[in-house]
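Participant: I am attaching a structure below and will ask some questions about it afterwards.
The values are calculated or read from the model by the stated rules, or taken from the named source; none is laboratory data. Given the structure is predicted, the values throughout are model-derived calculations rather than measurements. Glycine gets a Cβ as well: all are built from the backbone with ideal geometry, and neighbour counts include every protein chain shown. Areas reflect the complete protein model, heavy atoms only, side chains present, ligands, DNA and RNA absent. Shrake-Rupley method; radii C 1.70, N 1.55, O 1.52, S 1.80 Å.
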Amino acid sequence: MPRHIFVGQILSALIAFAYGYAIQSSDLVWLRTALAVGTSAGAMKIVGVSYPPGGATAYILSHLPITTWSTGQLFFYLLFPLTVGSIILVVLGVLLNNRVLGQKYPDAWI
């Protein structure tokens, strides 16, 4: 469902950013990564939007040195590509399933 894609990606990214700012030591990247992935998986479960690539997003973003970035850089270099990539994924899914395969996708948008 499109909701799972958008909410799962953005929620995981925001959690990874939060842990990136909370745990800034480069020696504790392993802890930051474990907490980001685990918390994002739990948050997606609580919200009801299980989307496994969201865990990968948290994993990747928790390795970045985001504490040196401004808010504008975080948006334009990370959140914007995640959102655009999710839109492209949904559009391709709708076109492929509805036009080529003759299946109904998505069953519900929200």
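Participant: Go through the range 75-110 and count every residue that is polar (S, T, N, Q), more than 30 Å from S62 (Cβ to Cβ) and open to solvent by less than 40 Å² (accessible area, probe 1.4 Å). First the steps, then the outcome.
Facilitator: As a first pass, look at the range 75-110 and keep what is polar (S, T, N, Q): 83, 86, 97-98, 103.
In the following step, the residues that additionally are more than 30 Å from S62 (Cβ to Cβ) were identified as 97-98, 103.
Within this subset, residues satisfying the condition of being open to solvent by less than 40 Å² (accessible area, probe 1.4 Å) are 97.
Number satisfying all stated conditions: 1.
Participant: Further question: May I ask you to list pairs of residues, at least six apart or on different chains, whose Cβ atoms are under 7 Å apart, with the first in the range 1-23 being at pLDDT 85 or above and the second being basic (K, R) and open to solvent by less than 50 Å² (accessible area, probe 1.4 Å)?
Facilitator: Here the result reads Y19/R32; G20/R32; I23/R32, each pair linking the range 1-23 to a residue that is basic (K, R) and open to solvent by less than 50 Å² (accessible area, probe 1.4 Å).
Participant: Applying the selection to the range 1-57, what residues are aliphatic (A, V, I, L, M), open to solvent by less than 40 Å² (accessible area, probe 1.4 Å) and part of a helix (DSSP H, G or I)? Spell out how you get there, then give the answer.
Facilitator: To start, the set of residues in the range 1-57 that are aliphatic (A, V, I, L, M) comprises 1, 5, 7, 10-11, 13-16, 18, 22-23, 28-29, 31, 34-37, 41, 43-44, 46-47, 49, 56.
If we keep only those that are open to solvent by less than 40 Å² (accessible area, probe 1.4 Å) too, we end up with 5, 13, 15-16, 23, 29, 36, 43-44, 49.
Matches in the range 1-57: I5, A13, I15, A16, V29, A36, A43, M44.
Participant: Something else about it: Is the range 79-95 home to any residue that is farther than 15 Å from P2 by Cβ and without any contact (Cβ under 8 Å) to a residue 40 or more places away in the chain? Steps first, answer last, please.
Facilitator: Looking only at the range 79-95, we keep the residues that are farther than 15 Å from P2 by Cβ, and these are 79-81.
Narrowing the set further to residues that are without any contact (Cβ under 8 Å) to a residue 40 or more places away in the chain leaves 80-81.
Checked against the condition, which is being farther than 15 Å from P2 by Cβ and without any contact (Cβ under 8 Å) to a residue 40 or more places away in the chain, the range 79-95 yields at least one hit.
Participant: Next question, about the same structure. Looking only at the range 58-69, filter to residues that are open to solvent by 20 Å² or more (accessible area, probe 1.4 Å) and of a type in the set (S, T, N, Q); which one of those is farthest from Q9 (Cα to Cα)? Let's see the steps before the verdict.
Facilitator: Taking the range 58-69 first, the residues open to solvent by 20 Å² or more (accessible area, probe 1.4 Å) are 59-60, 63-65, 67-69.
Subset that is of a type in the set (S, T, N, Q): 67-68.
Details: T67: 20, T68: 22 Å.
The extreme case among them is T68.
Participant: I would also like to ask the following. Quick one: G72 ticks every box in (1) open to solvent by less than 50 Å² (accessible area, probe 1.4 Å); (2) under 15 Å from I10 (Cβ atoms) except a single one, so which number is it?
Facilitator: For G72, the exception is condition (2).
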